[in-house]
2 protein chains.
Amino acid sequence: MPVGTAASVKSVPQHLLEELGVQILLGNTYHLYLRPGVETVRRFGGLHGFMAWPRAILTDSGGFQVFSLNDLRKVTEEGVTFRSHLDGSSHFFSPESAVAAQIALGADIIMALDECTEYPADRRRTQASMELTLRWAERSKKYFDEHKHEVPWQQYPVPSTEYPVNAAAVQAGAITHNSGYWVLGTGYSQSLFGIIQGGMDLALRKESAERTIEIEFPGYAIGGLSVGEPRPRTREIVEATLEHLPKDRPRYLMGVGTPEEIVEYAGLGIDMMDCVLPTRAARHGLLFTSEGKISIKQARYAQDAEPLDPNCGCLVCRRYSRAYLRHLYAANEVLAQVLNTLHNLSFYLDTMRRVRHSIQLGEESRFLSSVWSRPKP
Amino acid sequence: MPVGTAASVKSVPQHLLEELGVQILLGNTYHLYLRPGVETVRRFGGLHGFMAWPRAILTDSGGFQVFSLNDLRKVTEEGVTFRSHLDGSSHFFSPESAVAAQIALGADIIMALDECTEYPADRRRTQASMELTLRWAERSKKYFDEHKHEVPWQQYPVPSTEYPVNAAAVQAGAITHNSGYWVLGTGYSQSLFGIIQGGMDLALRKESAERTIEIEFPGYAIGGLSVGEPRPRTREIVEATLEHLPKDRPRYLMGVGTPEEIVEYAGLGIDMMDCVLPTRAARHGLLFTSEGKISIKQARYAQDAEPLDPNCGCLVCRRYSRAYLRHLYAANEVLAQVLNTLHNLSFYLDTMRRVRHSIQLGEESRFLSSVWSRPKP
């Protein structure tokens, strides 16, 4: 899932995201809550209507970003008080209000409020934090069940390019085609996912998984990783946690990762991932290619007539040279960000397409061992 | 002509410029000379190849921008010495070297080096400046005639979306379609335009026009306007100068203008104009619509579900609300610049399409009096 923090995947128009084949993108509740505010988004039919995005959206609970604010937040049993990074104003998220905000934002998948345990943390602290997340998960679920009918989708028209959004939903009558617009309607609902915590402790991860599953969610996320721990440890936790998650529900690994990592975790059984890496790296001129990473700002590319990635069919690689992309970056042209982001997203989406294709062919292991074995320059 | 200063119409990918119907864009020799340098651009087949733009390009001579540097330049009979705004390094443009740079850049239309007379200037100063421009025009023409075969187009492939670039050129064999690429070839050449100066003096404008025409160029530009004079004076000079320009050669008014002005000047007989206004205003949230100008940053648009311009069919107006555009601007999202620029360019191009259509119908006067008479909000 590309990240569209403030209702925009930075620099890329929605119709190009559709053309890239983006099926789902992520919005950040914390940012949207502060600006433009959930009431504004609700009034436009939720994020789908507000940002004119006809395909799926997931919002995080705001928890991870609030917990990243460190000095600006205070956690109690009731919820978390935090200060806006924009103007210092004081705000409060409870499990109930975080779900309420996400119902108003109207994403297809929303997340229970959790506490992202810091790293490192001792067992006592990790367990207490996990228990808090479990109590918050129950409160989130209860609030969601009582209020999920308030989702602001009723007959709100969402524009798209001529592309069918979700054939299954159309057949089921949940989305109807209405003179060029897709209309989200009734009979289609949000899904609230639970989040597994438990820090770096395998026993607590198991307990967190089992007790979150007892609450019962339509999908489960693995949170609290990529917080500073060594990468082999991340993989170990993911692998151990996955053992305890039902295979018939989506398994979502939050905040991951590099192209190599998304292939690796998909191989372990992860179904969904999100990461700012492709878009953020693009803004810094760091580009992912089938031949390895390229830092396009380097002078060595100033006269390079080759496409960015000779094995990539994206609109950037089909049309432009490395020399032109290097020039745009060196000249501080905004088009550098636009084109770099388009390519990196295309590369990530292609990677996931190949993963899916390989899974369909039942060749996971062969694919996974071959896809990253090309020689690097 | 949209302005693509440093080989990019700021923030807009080339395939979207093609989709907007841009037929020709402008590059700035001064900027391209400094970065990435004319030799780099030449090596890629000129600007067409370097920026992957299959349609027409015009480059200015660099003169106007050099003369805008004020303290950083020194004019002699031989040419103009100037300092780079990037690093303070010293450079020199003569009529010959400015044409040489533009041959290397390979635009379809290139401009003779002129001195843009400052405003205000007395008659003696205006005449001396005009005489210098005339001598430089002769030198530019002579150099061009001796070197025009050096244009770096020979069989250089230029990518485009599936759109035919220039049917006439294809029929004439100058551009051939080659497996998805357009190839600029021989039999197709650059055109060097002369520039009329003469300040605010009608007699000197007449003399400048007559003596520039004697040198003989395939097209003529009116320079030295929009330099601080009142707008009625601009119109007066344009009207008076046009009388002395041949109707069978393109007449190009440099650096103009607002949507109202381009309609007005087209009505007077101007064939070509360029201006940074649509793209620069877009970056500041100033949008042109059929109902007048909109400053999208205003809070009044925060809840406005209407399209930017209800009479516009561009991809921005078809898809997004004013509230979303206002949010993007307020949140400092780069997409604000992308979408605002797309709309403003679309509005300008639509305006010119309506001007052309009206000319074809022979209804100039009726059109010109009606097109800007809609009520403003």
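General remarks:
- Check on B:LEU287, surrounded by fewer than 20 Cβ atoms within 10 Å (Cβ to Cβ), out of contact with any Cys (no Cβ under 6 Å at 6 or more places or on another chain) and in contact (Cβ under 8 Å) with a residue 12 or more places away in the chain: no
- Annotation note: Cβ proximity below 7 Å between a residue of the stretch B:73-101 that is aromatic (Phe, Trp, Tyr) and a residue that is crowded, with 17+ Cβ neighbours inside 10 Å and part of a loop (DSSP other than H, G, I, E, B) (sequence gap 6+ or interchain) occurs for B:PHE92/B:GLY79; B:PHE93/B:GLY62; B:PHE93/B:GLY79; B:PHE93/B:LEU113.
- When the strands (runs of 3 or more DSSP E) confined to the stretch A:42-89 are screened for residues that are among the small types (Gly, Ala, Ser) and away from every other protein chain (no Cβ under 14 Å), those reaching at least 1 such residues are found at A:56-59.
Residue-by-condition table, conditions (1) modelled with pLDDT under 95; (2) of a type outside the set (Phe, Trp, Tyr); (3) within 24 Å of A:HIS31 (Cα to Cα); (4) assigned to a helix (DSSP H, G or I):
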{"position": "B:VAL263", "(1), (2), (3), (4)": "no, yes, no, yes"}
{"position": "B:LYS297", "(1), (2), (3), (4)": "no, yes, yes, no"}
{"position": "B:GLY313", "(1), (2), (3), (4)": "yes, yes, no, no"}
{"position": "B:TYR348", "(1), (2), (3), (4)": "no, no, no, yes"}
{"position": "B:HIS357", "(1), (2), (3), (4)": "yes, yes, no, yes"}
{"position": "B:SER365", "(1), (2), (3), (4)": "yes, yes, no, yes"}
{"position": "B:TRP372", "(1), (2), (3), (4)": "yes, no, no, no"}
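- The stretch A:11-35, subset of a type in the set (S, T, N, Q) and either in a helix (DSSP H, G or I) or touching a Pro at 6+ places or on another chain (Cβ under 6 Å) (or both), residue nearest to the other protein chains (Cβ to nearest Cβ): A:GLN14
- The single residue among A:TYR252, A:TYR301, A:TYR265 that is in contact (Cβ under 8 Å) with a residue 12 or more places away in the chain, within 14 Å of chain B (Cβ to nearest Cβ) and surrounded by 21 or more Cβ atoms within 10 Å (Cβ to Cβ) turns out to be A:TYR301.
- Total residues in the stretch A:318-351 satisfying the condition of being among the aliphatic types (A, V, I, L, M), surrounded by 24 or more Cβ atoms within 10 Å (Cβ to Cβ) and facing chain B (nearest Cβ under 7 Å): the figure is 4.
- Of residues in the stretch A:304-316 being within 11 Å of another protein chain (Cβ to nearest Cβ) and within 18 Å of A:LEU286 (Cβ to Cβ), the one surrounded by the most Cβ atoms within 10 Å (Cβ to Cβ): A:VAL316
- Answer residue from the stretch A:174-216, given it is part of a loop (DSSP other than H, G, I, E, B) and in contact with a helix residue (DSSP H, G or I) (Cβ under 7 Å, 6 or more places away or on another chain) and is modelled with the lowest pLDDT among those: A:TYR188
- Scope the stretch B:63-93; condition under 24 Å from B:PHE193 (Cβ atoms), of a type in the set (Gly, Ala, Ser) and more than 22 Å from the chain's Cα centre (by Cα); matching residues: B:GLY79
- The stretch B:304-356, residues that are free of Cβ contacts under 8 Å to residues at least 12 places away in the same chain and among the hydrophobic types (A, V, I, L, M, F, W, C): B:LEU328, B:ALA331, B:LEU335
- Residue under evaluation A:ALA281, criteria (1) part of a helix (DSSP H, G or I); (2) within 14 Å of chain B (Cβ to nearest Cβ); (3) modelled with pLDDT of 95 or more; (4) surrounded by fewer than 20 Cβ atoms within 10 Å (Cβ to Cβ), criterion not met: (2)
- Residues that are touching a Pro at 6+ places or on another chain (Cβ under 9 Å) and either more than 9 Å from chain A (Cβ to nearest Cβ) or assigned to a helix (DSSP H, G or I) (or both), drawn from the stretch B:1-10: B:PRO2, B:VAL3
- Scanning the stretch A:3-58 for residues that are surrounded by 24 or more Cβ atoms within 10 Å (Cβ to Cβ), modelled with pLDDT of 95 or more and on the phi > 0 side of the Ramachandran plot gives A:ALA7, A:SER11.
- For the stretch A:81-102, the set of residues classified as of a type outside the set (Phe, Trp, Tyr) and surrounded by 23 or more Cβ atoms within 10 Å (Cβ to Cβ) consists of A:PRO95, A:ALA98, A:VAL99, A:ALA101, A:GLN102, listed by residue number.
- With respect to the conditions (1) assigned to a helix (DSSP H, G or I); (2) at pLDDT below 95, A:TYR324 lacks only one, and its number is (2).
- Looking across the stretch A:231-246 at every residue that is modelled with pLDDT of 95 or more and among the basic types (Lys, Arg), the one that is surrounded by the most Cβ atoms within 10 Å (Cβ to Cβ) is identified as A:ARG235.
The values are calculated or read from the model by the stated rules, or taken from the named source; none is laboratory data. What you see is a predicted model; the values in this text were computed from it and never measured. When we count neighbours, we look across all protein chains shown, and the Cβ atoms used for this are built from the backbone with ideal geometry, even at glycine.
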